[in-house]
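The values are calculated or read from the model by the stated rules, or taken from the named source; none is laboratory data. Here the structure is a predicted model, which means the values were calculated and not measured. Positions of Cβ are backbone-derived with ideal geometry, glycine not excepted, and every protein chain shown enters the neighbour counts. Side chains are part of the model used for accessible areas, which takes the heavy atoms of the whole protein and leaves out ligands, DNA and RNA. Shrake-Rupley method; radii C 1.70, N 1.55, O 1.52, S 1.80 Å.
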Amino acid sequence: MIPGAFDYHSPKTLDEAINLLNDLGEDAKILAGGHSLLPMMKWRLAEPAHLVDISRLSDLDYIKEENGFLCLGAMVTESGLENSELIAEKYPILKDTSEVIADPLVRNLASIGGNIAHGDPANDHPATMLALNAIVVVCGPNGSKREINIDEFFLGPLWTALGENEILTEIKIPMPKQQSGGCYIKLERKVGDYAIAASAVTLDFENGKCSSSGIALTNVGPTPVRAKDAQDVLIGTDVSNEVIEQASNLAAEASQPVGDHRGSEEYKRGVVKTLTGRAILKAKNRAMGGN
Amino acid sequence: MSKCKTSPEVGGMGHSVKRKEDARFIRGQGTYVDDVVRPGMVYMDIVRSPYAHAKIKSINTEKALAHPGVAAVITGETLKEYNLHMMPTLMSDTQMVLPIDKVCYQSQEVAAVIGTDRYSVADGIELVEVEYEPLPVVVDPFKATDSDAPIIRDDKEGQESNHIWHWEEGDKAATEEIFNNSDVVVKERIYIPRIHVASIETCGCVSEFDKATGQLTVWMTTQAPHAIRTVLALVAGHVGLQEDKIRVISPDIGGGFGGKVPVYPGYVIAIAASVVTGLPVKWIEDRRENLQADSFARDYHMDCEIAADKDGTLNGLRIKTLADNGYADAAANPSKYPAGMFSICTGSYDFKNAFVEVDGVYTNKPPGGVAYRCSFRVTEAVHAIERMVDMVADEIMMDAAELRMKNFIPKDAFPYHSPTGWEYDSGDYHAALQLAMDNIGYDELLKEQKEKRERGEFMGIGICSFTEVVGAGPSKDFDILGIKMFDSSEIRIHPTGKAIARFGTKSQGQGHETTYAQIIAEELGIPFTDVSVEEGDTDTAPYGLGTYASRSTPTAGAAAAMACRKIKAKAKKIAAHLLETSEEDLEWEVGKFSVKGVPDKAVTIQDIAFAAYTNHPQGLEAGLEATHYYDPPNLTFPFGSYIAVVDIDSGTGEVKVRRFMAVDDCGNIINPMIVEGQIHGGLTQGLAPALYEEISYDDEGNITGGSFMEYLVPTAVETPHWETDKTITPSPHHPIGAKGVGESPTVGAPPAIVNAVVDALSHLGVKHIDIPITPEKVWRAIHKNEVA
Amino acid sequence: MEKKSITININGSPRTGEVEDRLLLVHFIRDDCALTGTHIGCDSTHCGACTVLLDGTAVKSCTVLAVQADGREVATIEGMEGEALHPLQEGFFEEHGLQCGFCTPGMIMSAKHLLDNNPKPSEEEIRCGISGNLCRCTGYQNIVKSVQYASNKLQSSESAGGK
C-alpha cells in the first residue's frame, strides 16, 4: 500500500524535465497520470529513487489537427479523449479505446502518453495506435526531437524505443481519408480489468474497395501485435463477410497469446477471431457512414 | 405484509422508515477502526511468507530495527515467551499466531514490525530478512490423505495424516435401498470454490493497554465482540488479562459478511504488542493481506447423487463431500457441526431418505471456512441440491419448474421433519415459485428460448427454489467454543418516554439501529425515532454472540420483543395504578393502556414511563427496564424461488444476466426497504461467485486471485437490475414471526444463474459447469464440445 | 527523510503540512487533516473508497501523491453539506443507497463528478459512471436510484431558481 521513499521533482518546463531525467539517469521515472507507476510502487514492484512529474506541464495537454495529423499531447487524459467532440466525430476508434480503459476515475488522471510509453502489451492504446499507423514524438536533451514510427516503438514487455533521457511528448495520427472507419473492441472480465484480448481495426475505402487497413491486437503477445496478413487480405476487396472471416482467422493466427488466468491460449485466439470479425464489420459500417 | 399496526410516525413493523444510522454515514462521519486515533499510538505491519510450506531457518531483524521509526520486531519466539504463539480456532483446532519453525501457507504471518507511523513499518517489513527452506506442499485436497503426502500439522500430537474429521448424517442403508429401487440415478461432482467476503473495509484493530490499571481496550473489526472478549480472557488470562478489564469495542464496520467473525493472528499480535509496550498499537490490513490470509469461504468438493423415478418423483439423495480446510480447521461453524448445516441439503424437497458425509482435510492454504453470508455451509448445500434437481429434470426431460412443484414439501406438511434431522418451521414453496414464474412470464420465456435456439442464439432460464436455515441457534445444539448461541437485548425506558436499547449483536450495515428500534416501536408504541440502539461495546452491551448467519433478527430481535413484553407487563401494573383500576380491566393498543370499554380513560406508554420514576405504585420497583436473553426453540427456515434469464455471446462465451426475479419469504418483515436492500446486495454477492470470483492456487500453493486485480468483485456495470417480490409465511415460533433474510439471496442466486447457463447450453449436451462460469468455460462448451 | 511543505485547499480551507514526497494524498487527508470520511479499501486503485475531487475532477486519492496536490483544491465528503445536505447525500438517505457506509463517501464524490458533467444521466450512464467504485452491500441498484434522486432534485432546483 505504501511506496518506498523517493525524491519528487516537479519541473516547470519540458526542458527542465528532460534535464532532470538526463541528470538523474536510470534511477528516475516519469510520473504522468501515475496510474500505471504508482500502483506498482505501492506494491514495491517498482522503487525508483526519483519521480519527475510532468502532469502539470499543461503544454502537453492538447488535441488538435495540424498538417494532416491529429496531434495528441502526451498528457491528454483518457477522459479528455472520451469527452472530445473532435475525437467522437472523426476518430471514434480512439473514443472506443479510451472508454474501456480501467474505470472512469482512473481515466480522469491516466494519460494517453503514459498508456503508450509504459510499453505494456495489456494496455489498450498501443494496438489502436498500430492500427492507426501513429507516430510517436519524443523529446530528448538539448532540444533534440525525434519521431518514431509506431511499428518501431514497442520492443518487448514494458520495453520501448524511448531512451532513458527522453520523454514521449506527442502522438501523431494521420487524419482519416475520405471514406474510412475504425473500431476498437475489447473483451474484459469486468470493468477495470485488462483485456482478455482486444482488436483494433481501421479501414480506408476507395471506390467501394478497401484501399488500406490496420489491424492490431491487445494483450496477446509480448508487445501489441500487428496482424499484417489479416490487413492484407482485406485490401482490394469489398470486405464481404467471407473476407472478414478470412481476416479474422489470420488475426487469430497472428496473435501470440499465452495461457493465464484470463484464459487459455486456444480461447484467446478464439476471442481474437471473434473480436476482429466484429471490429472489421463495425469499422466498415462506420466507413460507410453508419455507427 | 398485512396492514401495519403502528402509524408511520411510530414506525413499527412493516414501515419502510429511513435508516437512523445514515445521518453519520452520508456525512463521512462514521467511525471505522482506521479512524480511531489514540495518544501515542504506534503502528504495526506484518511480514508474510512467500512460500506455502517452508521451514524457517532464521529471521534477522537487524536491518529493520536500524530503520528510522521502527521500534520493535515481534517474532514467534517473542510470543512464545508469553505462550501466545499459538491460539485456538473457533472449531477448537489450533493455529499459529506467529511461527517458530515453519510456515504452512502463502502469506502467513511471519513477523510483525512496530513503529511510529504507517510508512516506517511498511519499510520495516521489507527489511526483515527471513531464510526459508521450502518443503513439499499439499495443494490438492484429494491428494492430502495420500500415504506419501507430507503431514502439515506435525505439531499436533497424534495427527498422523492430513485428515481432520469425518461427519455423517442420515440413514446410509435406507438411502442405499432407495437408490437400488429407483428408475434413475443422476450423479455429478460439483465444486464450489474458495471465495472471499471481500468487504470493502479490511480487518484491523487498535489495541490499547494501560499498564497502570491493567485495562485492555481493543477497537476491532469484529462481528462478535463479546465472544472475542471471552476468548481473550480464556487464552491470555495467564499474562494478566482478565475479563472485567478487557473492553472490546466494535466500531462502525465496513461490511462483515462472516469474514469478521474469526480471530486473525494480526489482532493477537497487536494486542500482545500493546501489552508488552504499554502503547496503543494500530494494525490495519491492506487488501492483499485481507484476500490472501484472512478466512476463505466454501471450498467444498461434493459428489452428489439423486435417485428418482421416471415420473419425476425424487426419492433419495446422497452426497459425499471433501472439505478443504486449509492449514487449520478455523471454520466458523457451531461446535457440534464440523460441516455446519450442510445436511440441510435435501432442500425444499420431500425426499424419502438421504445420506450425507463430509471429510475435512488439511492443505497448505490459509485456514478458514467462514460462513460468508451463509448459515454455516447452507450455500454449498443449496448449490448441490438445486443443481442436481435440474440435472434430474434434464435426464427425464421434464420441465425444471414442474419437477420442483411435484416434489416440494407441501404447505400442510410443516413443521416438516427432514430425513437428515431438521425440523422446518414453516413454508409455502409452491406459492413462491408460482409467483416468480408469473412475475417473470415463465411460459413466454420458454417460447422465446425455443425461437432463439432455432436461430442459433443461446438463451437460458434457471430456477432455484432454496430453503434456508438461519438464526443459530437453540442452545441445546449450538455453541461456539462452548458459549451458547443465544442473544440478548436490554431496554431502558427513560422518564420522558424515550428509550435506549442495547444488544449482543453487531450491525455491519444491516441497519440494526433502525430495525431494532422498529421492533420496540411495534411492541411498546414508542416512536422508533425515540429509541437509541447501541451495540458493539462489551462494557455496555448485554452478552451475545454477535451478528452473522442471519441470526440478529431471529435471536436478538426476538430478545427485543421479549424484553418489551416484560416492560409491558410492568407498565400494565403502573397503568392500573394510574387509572385506579385493576390490570384485568386494561387493554393494550399501540402505545397505551386503556380501561376496557372506556377508551378515553387511558395512559400512554410515555405517561407510564414518567410514572415509573415519579409515581410508581408502592410495592413495585421503580424504573422501567428489562433484559432478555433469547434462546430460540428452533432455527428459522426462510425460503424463496429465483428465476434467472441469461443471454450468451457465443463468440466470446460471455454470460449476461438479462433478468433476475427473486421471490423471497422471510416471514414477517420489519422494514421492507431494508429487506429489499439486503436482497439486492445478497444477490450481487451471489452473482459474484457464479460468474467472477475465485481464489485458487497453483501447484506450489501460490495464490491467484489475491488482489482486486484478480479477485473480480462485480461493479455496477456487471450487476443486473434485480427484480424482487415476496410471499410472507411467518415463523410460528418466533415472537414476531420473522425469519431473517440477509443470506438468502447469496445462497439462492448462484444455482439460479448456473442453471440458466447450463439450460442455455443443454442442447449441446452440457450437464453441469462449475462456478465461476468464466467466458472460457462457456466458449469451450460451444466451440470445443467440452461438456461436463 | 527530507520533507516538503505543502498547502492543499481542502473543502475551502488551506491545509498545510510537512510531508514526505511519497505521502499519498489519501493519507494526508485522513491522517494529517483528520478528515476520515475518505476511506481506503484496496491497494491497487480498484475500489474507489478514497475518491475525492481534485480541482473538481473525481480521482482516487490513493493514487495521487500529496505533493502533487500542492496548491490545488480538494473536495471530500466532509465538504458536501452546506446549509442543507447535498442532494446526493439526501438521495443516498432517501433511496437507501448505503448499508455499511464504507464505500458511500467515495461513491458520493464519484457521483458528484458524474452529475457535474452529465446532469441527467441514464441508468446505464450512472452505472458506468460509478464503475470505478466498489460496493459490497447494496448491489448498486439503490445507489443508481440515489443518483437519479439527486439528478432530479438538482434539475428541479435549477429550473425553480434558474433564471
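When you check C:GLU123 against the structure, is it at pLDDT 95 or above, surrounded by fewer than 24 Cβ atoms within 10 Å (Cβ to Cβ) and facing another protein chain (nearest Cβ under 9 Å), yes or no?
Judged against the criteria, C:GLU123 is a match.
So which residues in region B:429-450 are among the charged types (D, E, K, R) and under 21 Å from B:HIS783 (Cα atoms), if there are any at all?
B:LYS450
Only one of B:ASN755, B:ASN785 is modelled with pLDDT under 95 and either open to solvent by 10 Å² or more (accessible area, probe 1.4 Å) or not in a strand (DSSP E or B) (or both); which?
B:ASN785
In region B:105-114, is there at least one residue being touching a residue at least 24 places away in the same chain (Cβ under 8 Å), more than 14 Å from chain C (Cβ to nearest Cβ) and open to solvent by 50 Å² or more (accessible area, probe 1.4 Å)?
no
Being of a type outside the set (S, T, N, Q) and either open to solvent by 30 Å² or more (accessible area, probe 1.4 Å) or out of contact with any helix residue (DSSP H, G or I) (no Cβ under 7 Å at 6 or more places or on another chain) (or both) is the filter here, so list the residues in region A:197-233 that pass it.
Answer for region A:197-233, where residues must be of a type outside the set (S, T, N, Q) and either open to solvent by 30 Å² or more (accessible area, probe 1.4 Å) or out of contact with any helix residue (DSSP H, G or I) (no Cβ under 7 Å at 6 or more places or on another chain) (or both): A:ASP204, A:GLU206, A:GLY208, A:LYS209, A:GLY221, A:PRO222, A:ARG226, A:LYS228, A:ASP229, A:ASP232, A:VAL233.
Where residues in region B:680-723 are at the interface with chain C (Cβ under 8 Å from one of its Cβ atoms) and of a type in the set (Val, Ile, Thr), which of them is nearest to B:SER550 (Cα to Cα)?
Result: B:THR684.
Being surrounded by 24 or more Cβ atoms within 10 Å (Cβ to Cβ) and either basic (Lys, Arg) or over 11 Å from the mean Cα position of the chain (by Cα) (or both): is that true of A:ALA74 here?
yes
Out of A:ILE148, A:ILE171, A:ILE185, I need the residue that is within 14 Å of another protein chain (Cβ to nearest Cβ), outside any loop (DSSP other than H, G, I, E, B) and either within 29 Å of A:ASP229 (Cβ to Cβ) or at pLDDT below 95 (or both). Which one?
Checking each option against the conditions leaves just A:ILE185.
Yes/no per residue for (1) among the hydroxyl-bearing types (Ser, Thr, Tyr); (2) free of Cβ contacts under 8 Å to residues at least 60 places away in the same chain; (3) assigned to a helix (DSSP H, G or I):
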{"position": "B:VAL675", "(1), (2), (3)": "no, no, yes"}
{"position": "B:GLU693", "(1), (2), (3)": "no, no, no"}
{"position": "B:GLY701", "(1), (2), (3)": "no, no, no"}
{"position": "B:TYR711", "(1), (2), (3)": "yes, no, no"}
{"position": "B:PRO714", "(1), (2), (3)": "no, yes, no"}
{"position": "B:HIS733", "(1), (2), (3)": "no, no, no"}
{"position": "B:TRP779", "(1), (2), (3)": "no, no, yes"}
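Would you point out the residue of region B:1-22, among those that are touching a Ser or Thr at 6+ places or on another chain (Cβ under 6 Å) and open to solvent by less than 10 Å² (accessible area, probe 1.4 Å), that is farthest from the other protein chains (Cβ to nearest Cβ)?
Per the stated criteria, the residue is B:GLY12.
Of the residues B:ALA609, B:ALA626, B:ALA622, which single one is more than 28 Å from B:GLY667 (Cα to Cα) and surrounded by 18 or more Cβ atoms within 10 Å (Cβ to Cβ)?
B:ALA609
Does region A:27-39 hold any residues that are more than 10 Å from chain C (Cβ to nearest Cβ) and not acidic (Asp, Glu), and which are they?
A:ALA28, A:LYS29, A:ILE30, A:ALA32
Taking the condition of being part of a helix (DSSP H, G or I) and of a type in the set (Lys, Arg), how many residues in region B:510-565 meet it?
Total meeting the criteria: 1.
Looking at B:GLY12, B:GLY30, B:GLY40 in this structure, which one is part of a loop (DSSP other than H, G, I, E, B) and in contact with a Leu (Cβ under 6 Å, 6 or more places away or on another chain)?
None of the other options fit; the residue is B:GLY40.
Can you go through C:ILE40, C:ILE29 and tell me which one is at pLDDT 95 or above and open to solvent by 10 Å² or more (accessible area, probe 1.4 Å)?
After applying the criteria, what remains is C:ILE40.
Can you tell me which residue among B:GLU444, B:GLU423 is more than 25 Å from B:LEU687 (Cα to Cα) and modelled with pLDDT of 95 or more?
B:GLU423
Working only within region A:89-110, note down all residues that are more than 17 Å from A:LEU130 (Cβ to Cβ), within 14 Å of another protein chain (Cβ to nearest Cβ) and free of Cβ contacts under 8 Å to residues at least 40 places away in the same chain.
If the condition is that a residue be more than 17 Å from A:LEU130 (Cβ to Cβ), within 14 Å of another protein chain (Cβ to nearest Cβ) and free of Cβ contacts under 8 Å to residues at least 40 places away in the same chain, then A:LYS95, A:GLU99, A:PRO104, A:LEU105, A:ARG107, A:ASN108 are the ones that fit.
Scan region B:639-670 for residues that are within 14 Å of chain A (Cβ to nearest Cβ) and of a type in the set (Asp, Glu) and report the count.
2
Could you look through region C:72-94, keep only residues that are more than 12 Å from the chain's Cα centre (by Cα) and of a type in the set (A, V, I, L, M), and pick out the one that is most open to solvent (accessible area, probe 1.4 Å)?
C:ALA84
Any residue that is open to solvent by 20 Å² or more (accessible area, probe 1.4 Å) and aromatic (Phe, Trp, Tyr) - is there at least one of those in region B:169-189?
No, the conditions are met nowhere in region B:169-189.
Which residues, counting only those in region B:23-58, are at the interface with another protein chain (Cβ under 10 Å from one of its Cβ atoms) and either open to solvent by 30 Å² or more (accessible area, probe 1.4 Å) or touching a Phe, Trp or Tyr at 6+ places or on another chain (Cβ under 9 Å) (or both)?
Across region B:23-58, the qualifying residues are B:ALA23, B:ARG24, B:PHE25, B:ILE26, B:ARG27, B:GLN29, B:GLY30, B:THR31, B:TYR32, B:VAL36, B:VAL37, B:ASP45.
Show me the strands (runs of 3 or more DSSP E) entirely contained within region B:426-509 in which 1 or more residues are open to solvent by 40 Å² or more (accessible area, probe 1.4 Å).
B:487-493
State the number of residues belonging to region C:95-120 that are open to solvent by less than 20 Å² (accessible area, probe 1.4 Å), of a type outside the set (A, V, I, L, M) and more than 10 Å from chain B (Cβ to nearest Cβ).
So the count comes out to 1.
Based on what the data block shows, is A:LEU130 free of Cβ contacts under 8 Å to residues at least 12 places away in the same chain, open to solvent by less than 30 Å² (accessible area, probe 1.4 Å) and touching a strand residue (DSSP E or B) at 6+ places or on another chain (Cβ under 8 Å)?
Here the answer is no, as A:LEU130 does not meet what is asked.
Does any residue of region B:566-579 turn out to be touching a residue at least 60 places away in the same chain (Cβ under 8 Å) and either open to solvent by less than 10 Å² (accessible area, probe 1.4 Å) or not hydrophobic (A, V, I, L, M, F, W, C) (or both)?
yes
For region C:10-18, does any single residue satisfy the condition of being in contact with a Lys or Arg (Cβ under 6 Å, 6 or more places away or on another chain), closer than 17 Å to A:ALA5 by Cβ and either within 8 Å of another protein chain (Cβ to nearest Cβ) or charged (D, E, K, R) (or both)?
yes
Only one of A:LEU86, A:LEU70 is under 26 Å from A:ASN291 (Cα atoms), part of a strand (DSSP E or B) and touching a strand residue (DSSP E or B) at 6+ places or on another chain (Cβ under 9 Å). Can you tell me which?
Among A:LEU86, A:LEU70, only A:LEU70 is under 26 Å from A:ASN291 (Cα atoms), part of a strand (DSSP E or B) and touching a strand residue (DSSP E or B) at 6+ places or on another chain (Cβ under 9 Å).
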